[in-house]
Amino acid sequence: MLEREQAFYEAHREELRMKYAGKRVVIVDNKILGAYDTDGDAWDETVKIRQAGAFMIKYIPLNPTDETLYIAPTIQPVDYA
């Protein structure tokens with residue numbers, strides 16, 4: 001589940017970091033569907049056009065050592081900010 005999206009991220013990690021650092025990107029198959037400031041925004045906008053579980057929300061860290069995987073399969077994310 002979401003292996004294709006994770007593989008896309010891994011293959012384009014540096015390019016994505018340069019373009020989307022500090023954002024949450026929505027990855028579907030082999031493309032970026034959108035970039036958002038919060039997990040909640042990414043979720044809310046994406047579930048309007050995609051079924052939950054059919055996309056990955058990935059935080060692109062400002063600092064490469066802060067990398068964390070965010071997956072949004074079936075539950076709404078909580079914004080801890």
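Nothing in this text is a laboratory measurement; each read-out follows from the coordinates by a stated rule. These figures come from a predicted structure and were not determined experimentally. Because the Cβ atoms are built from the backbone with ideal geometry, glycine has one as well, and the counts that use them run over all protein chains shown.
Annotations for the structure displayed:
- Extended-chain gain in nm, criterion 0.36 nm per residue less alpha-carbon gap, Ile49 and Ala35: 3.6 nm
- Ordered by the number of other Cβ atoms lying within 10 Å of each residue's own Cβ, fewest first, Glu45, Glu3 fall into the sequence Glu3, Glu45.
- Computed extension gain for Asn63 through Arg13, at 0.36 nm per residue and net of the alpha carbon distance, reaches 16.8 nm.
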